[in-house]
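Colleague: Okay, handing you the structure first.
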Amino acid sequence: MDIEDFKYSILSLKGLLTKHVRLLLKDDRDVEDIIQETFLKLWKMRDELKSHPNVTGLSVMIAKNLSLNQLKEKKRMEPLDILSLSTSKDLNSEIELKDEVKEILKIIDNFPSLQKQIFLMKHVDEYEVNEIAEITGSSKESIRMHLSRARRRINENFLR
């Protein structure tokens, strides 16, 4: 597919893609970023698009998946946003909470890498144990053991 064909068949989908992405993402800058990233992915696979049976469907699917990935990433970062609280009525309790969260994050940073990855996947990304087991290639029992050890380690170190 040359650039003219790409402009005609892909870039003309911008309005449709924007509607779909805007259903998932509210920020116009995020919507535009996802649209651009979708076009970039489609450009990289432009030679395969000639024979694809439903380019419009593929484009929408790519945009949707990119949007969902961005939402997951934002959700993953939300627990860390507690460090930037600004609307608390009690300044002392806000400072204490920030200190506690920083201390817990320090403890988690010292976990062995697999244990840290499993803990974050479970408690930040909110994956289920079976999903974590599949992703890491570990057994469910091993995942539960790592989670238990991580929680115990946080309790022991945090209460000191």
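Where a number appears in this text, it was derived from the coordinates with a stated rule and is not lab data. This is a predicted model, so every value here is computed, not measured. Every residue, glycine as well, gets a Cβ built from its backbone with ideal geometry; the counts of neighbours run over all protein chains shown.
Colleague: On average over all directions, what projected area in square nanometres does the chain have, based on the convex hull of its Cα atoms?
Modeller: 13.1
Colleague: Also, I was wondering about something else. With +1 assigned to the C-beta of every Lys and Arg and -1 to the C-beta of every Asp and Glu, and no other charges, what is the dipole magnitude of the chain about the Cα centre in debye, to the nearest 20?
Modeller: That gives the chain a dipole magnitude of about 340 debye.
Colleague: OK, next. 7 Å from Cα along Cα→Cβ at both Arg149 and Asp5: what's the point-to-point distance in nm?
Modeller: 5.5
Colleague: Enumerate the whole-percent occupancy of each 10 Å bin, from 0 to the last occupied one, for all C-alpha pair distances of segment 13-80.
Modeller: 21, 49, 23, 6, 1
Colleague: Additional query: Just list whichever of Lys14/Lys75; Lys19/Lys116; Lys44/Lys72; Lys44/Lys106; Lys41/Lys98 have alpha carbons separated by over 32 Å in the model shown.
Modeller: Correct reply: Lys19/Lys116; Lys44/Lys106; Lys41/Lys98.
Colleague: Also: Treat the count of other C-beta atoms within 10 Å as a stand-in for reagent exposure and order Ser142, Ser51 from fewest to most.
Modeller: With the fewest neighbours first, Ser142, Ser51 line up as Ser51, Ser142.
Colleague: Any idea which of Ile34, Met121, Leu49 is furthest toward the positive side of the dipole for the chain, if Lys and Arg beta-carbons carry +1 and Asp and Glu beta-carbons -1?
Modeller: Result: Met121, furthest along the dipole toward the positive end.
Colleague: All other residues with a Cβ under 13 Å from the Cβ of Leu16 taken together, and with Lys, Arg as +1 and Asp, Glu as -1, what is their net charge?
Modeller: Taking every other residue near Leu16 into account, the sum is +4.
Colleague: Turning to a different aspect of this structure: Assuming 0.36 nm per residue, please report the length gained on full extension of the stretch Lys14 to His52 beyond their Cα-Cα distance.
Modeller: So the extension gain works out to 11.8 nm.
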